[in-house]
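Structure first, commentary second.
What follows is calculated from the coordinates using simple rules that are stated; it is not laboratory data. Values in this document were obtained by computation on a predicted structure and should not be read as measured data. Note that each Cβ is placed from the backbone with ideal geometry, even for glycine, and that neighbours are counted across all protein chains shown.
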Amino acid sequence: MFQEPISSTYTDLTEEQTRDRIRGLKKELGDKVVILGHHYQRDEIIEHADYRGDSYKLAKDAASHPSAEFIVFCGVHFMAESADILTPETQKVILPNLAAGCSMADMANNFQVRSAWKQLGETLGAIEGKIIPVTYINSAANLKAFVGEHGGTVCTSTNAPKAVKWALEKGEKVLFFPDQHLGRNTCANLGIDPETEMALWDPFKPLGGNTPEKLAQSKAILWKGHCSVHQRFTVDQIRKAREEHPGIKILVHPECPIEVVRESDLFGSTEYIINQVKAAPAGSVWGIGTEINLVSRLAKEHPEQTIVCLDPQICPCSTMYRIHPSYLLWSLDRIAAGEPANIIEVPQAIKEPALVALKQMLEL
Ligand code: SF4
């Protein structure tokens with residue numbers, strides 16, 4: 001699916017005109033539409049969201065509104081897919097701009113993961129029930145389906161520790177994709193040695209670039225994927241922040257590299273980061289390592305605290321940024337005209353096993 005160009009009747013509007021028209025359409029459409037806004041969306045989108053949250057919370061919010069005919073998901077493609085899997089058939093999930101993907105999710109595709117599984121089987125013998133696949137929710141629906149077919153689970157950055165623990169109790173090894181950093185941080189926190197008990201799987205190399213011995217001795221096989229936003233954070237940035245702001249607390253997302261997580265005071269999911277700031281007393285000073293729209297919003301919402309982003313180059317998620325208010329307006333206009341566009345529909349053959357993996361996550 002490609003994004004059709006939207007006309008200048010949308011792109012030529014001023015910010016104020018766009019805002020007024022979105023508000024007008026929301027009023028006109030009423031309960032027929034629910035707008036979801038991921039925390040990393042810009043403020044001009046978040047102001048129109050009925051719910052804001054991380055990808056998992058938003059998928060659940062969508063499912064809790066079965067009466068809404070349309071879920072307009074202001075996030076990225078894999079999130080809209082998860083919402084479609086978790087919502088009833090009668091509901092349509094819309095992604096306002098089809099170009100809003102996730103570079104991390106794109107680092108593992110169905111062909112590569114199935115090829116890795118085959119190579120692991122050829123190298124290590126019977127692996128069903130011994131290697132448990134765990135996919136981060138930031139992955140395509142067909143990878144969630146793969147995990148459902150092979151007795152694994154989906155995880156979020158919040159429940160990754162539970163998911164990996166569960167996988168290692170059920171089997172002998174975990175194959176974790178697509179984010180190596182979330183996998184490494186989670187496994188290290190569970191006592192698995194990154195040097196001797198983890199292997200990195202490069203999908204462009206035979207055996208992922210490993211020897212059979214390395215794969216045999218590893219408890220965790222981590223896919224070589226990363227988030228382009230969170231991989232930018234460095235230990236030097238943390239040291240500089242500590243010099244500039246004595247008493248600062250460093251709070252980072254587990255998609256950051258392990259050395260950054262180790263140098264931080266606290267690490268956790270987007271919701272965890274928000275809750276830490278919410279619970280902190282006035283006068284607290286935070287250096288945060290996550291997407292800039294969220295950090296800036298936290299700073300605005302908590303003027304009683306000092307909140308700075310660790311990355312001086314302030315890095316937005318470029319794909320999230322593709323949900324411009326003009327696209328939201330266009331999507332609502334199409335719904336109002338009875339011609340909804342950009343409906344995300346996961347095929348039934350993928351939906352069923354993907355739902356198995358998502359339900360497994362809910363049971364963790
Ligand atoms: S912040 Fe990273 S993981 Fe999240 S959508 Fe953007 S590229 Fe993907």
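Of the residues Val72, Val229, the one with the fewest other Cβ atoms within 10 Å heads the list, and the complete ranking is Val229, Val72. Measuring nothing but how far apart in sequence close Cα pairs (under 8 Å, 6+ apart) lie, relative to its length, the range 105-227 scores a relative contact order of 28 percent. Net charge dipole, the chain: roughly 500 debye, given to the nearest 20, about the Cα centre with Cβ charges of +1 for Lys and Arg and -1 for Asp and Glu. Stretching the chain fully between Lys240 and Glu259 yields a gain of 5.3 nm (0.36 nm per residue, less the alpha carbon separation). Going from the residue with the fewest nearby Cβ atoms within 10 Å to the one with the most, Phe111, Phe70 rank Phe111, Phe70. Tell me the relative contact order for the chain as a rounded percent, counting alpha carbon contacts under 8 Å between residues six or more apart. Worked out over the chain, it gives 22 percent.
A Förster radius of 22 Å combined with the Cβ-Cβ distance from Gln3 to Ala337 puts the calculated FRET efficiency at roughly 0.75. As a calculated quantity, the FRET efficiency between Thr196 and Val285 at R0 = 35 Å, using C-beta atoms, amounts to about 0.40. Efficiency by 1/(1 + (r/R0)^6): what FRET value for Gln348 and Asp106, r their Cβ-Cβ distance, R0 = 35 Å, to the nearest 0.05? So, using R0 = 35 Å, E works out to roughly 0.90.
Sorting Met1, Met198, Met104 from the fewest to the most surrounding beta carbons within 10 angstrom yields Met1, Met198, Met104.
When the chain is treated as a GNM with alpha-carbon contacts under 10 Å, the residue of Leu310, Leu298, Leu13 showing the greatest mean-square fluctuation is Leu13.
Ranked by the mean number of other Cβ atoms within 10 Å of their residues, highest first, the peptides 56-66, 286-296 come out as 286-296, 56-66. In the structure shown, the pairs Lys60/Lys144; Lys60/Lys165; Lys60/Lys219 are assessed against 27 Å; a Cα-Cα span above that value is assigned to Lys60/Lys219. Within the range 111-236, the percentage of alpha carbon pairs spaced more than 21 angstrom apart rounds to 32%.
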